[in-house]
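Below you'll find the structure, written out as structure tokens, and then a few comments.
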Amino acid sequence: MKVATSDLPHALVIMGVSGSGKSTIGEALGRRLGWRFEDGDSFHPPANVAKMSAGHPLTDEDRRPWLQAIADEIARCRAAGEHVIIACSALKKAYRDILVAGHSDVRMVYLRGSRELIADRMEHRQGHFMPPGLLASQFATLEAPAAGEHPIAVSIDAPVAAIVDDILQQLNIGQRRA
């Protein structure tokens, strides 16, 4: 489905703890909208990946260059009139503030799920640098987006297509076709 983009955000940031399905949902949403998808993990400097692979959580100082690199890509897309979906944990409001940078055309899509569901998914995931042992630190860090941030919040306890449908409905494009 290709949709008219004049009244849509320029960027959707798919956020949530590790294992919540950010990449899976972001890719599926990108296909439905005809938008480019970027995995925020690819913006991490090598030192961050090494630290997480060793089982150590990142500090705010570690995250700053990563978040800024993502914010720079969002700014580039906005300036070029492009649309992008980026998967990024964005666990704290301060992180989301860097990414949104006060722009109403950058929206957060919050993937909500129980610790048990996400832990089960992480146990069955292969080839990812984030070990399941860091899930507790992710939930400890998580500041769920408040209503004032105008998030699109969806439950991950559903099939991918249903989650994408929910996001599209909240964007008010469930019935629109271009």
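The values are calculated or read from the model by the stated rules, or taken from the named source; none is laboratory data. Note that the structure is a prediction, hence the values are computed from the model and not measured. Cβ sites come from the backbone with ideal geometry, for glycine too, and all protein chains shown count toward neighbours. For the accessible areas, the whole protein counts, side chains as well, though only heavy atoms, and no ligand, DNA or RNA atoms are used. Shrake-Rupley method; radii C 1.70, N 1.55, O 1.52, S 1.80 Å.
Can you name the residue in segment 99-114 that is among the hydrophobic types (A, V, I, L, M, F, W, C) and assigned to a strand (DSSP E or B) and, of all such residues, is farthest from A136 (Cα to Cα)?
Step one: filter segment 99-114 for residues among the hydrophobic types (A, V, I, L, M, F, W, C), giving 99-101, 106, 108-109, 111.
Right, trim to assigned to a strand (DSSP E or B) and you get 106, 108-109, 111.
Numbers: V106: 28, M108: 22, V109: 21, L111: 17 Å.
Going through the qualifying residues, I end up with V106.
Looking at A75, A69, can you tell me which residue is among the small types (G, A, S), at pLDDT 95 or above and in contact with a helix residue (DSSP H, G or I) (Cβ under 6 Å, 6 or more places away or on another chain)?
From the options A75, A69, the qualifying one is A69.
So which residues in segment 57-67 are assigned to a loop (DSSP other than H, G, I, E, B) and without any contact (Cβ under 8 Å) to a residue 40 or more places away in the chain, if there are any at all?
Those that are assigned to a loop (DSSP other than H, G, I, E, B) and without any contact (Cβ under 8 Å) to a residue 40 or more places away in the chain: L58, T59.
Which condition number does D97 fail, the rest of (1) open to solvent by 70 Å² or more (accessible area, probe 1.4 Å); (2) over 15 Å from the mean Cα position of the chain (by Cα) being met?
Here D97 clears every test but (2).
Does segment 165-174 contain at least one residue that is under 14 Å from the mean Cα position of the chain (by Cα) and either within 21 Å of D39 (Cβ to Cβ) or modelled with pLDDT of 95 or more (or both)?
Looking for residues that are under 14 Å from the mean Cα position of the chain (by Cα) and either within 21 Å of D39 (Cβ to Cβ) or modelled with pLDDT of 95 or more (or both), one finds at least one in segment 165-174, hence yes.
Looking only at residues that are within 23 Å of A69 (Cβ to Cβ) and open to solvent by 40 Å² or more (accessible area, probe 1.4 Å) in segment 119-130, which one is modelled with the highest pLDDT?
Among them, the one singled out is G127.
Listed here are the residues, each with its yes/no results for (1) modelled with pLDDT of 95 or more; (2) in contact with a strand residue (DSSP E or B) (Cβ under 9 Å, 6 or more places away or on another chain); (3) of a type outside the set (D, E).
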{"residue": "A79", "(1), (2), (3)": "yes, no, yes"}
{"residue": "C88", "(1), (2), (3)": "yes, yes, yes"}
{"residue": "D97", "(1), (2), (3)": "yes, no, no"}
{"residue": "R107", "(1), (2), (3)": "yes, yes, yes"}
{"residue": "Y110", "(1), (2), (3)": "yes, yes, yes"}
{"residue": "L117", "(1), (2), (3)": "no, no, yes"}
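Does segment 33-53 contain any residue that is in contact with a helix residue (DSSP H, G or I) (Cβ under 7 Å, 6 or more places away or on another chain), open to solvent by less than 10 Å² (accessible area, probe 1.4 Å), among the small types (G, A, S) and not in a strand (DSSP E or B)?
Looking for residues that are in contact with a helix residue (DSSP H, G or I) (Cβ under 7 Å, 6 or more places away or on another chain), open to solvent by less than 10 Å² (accessible area, probe 1.4 Å), among the small types (G, A, S) and not in a strand (DSSP E or B), one finds at least one in segment 33-53, hence yes.
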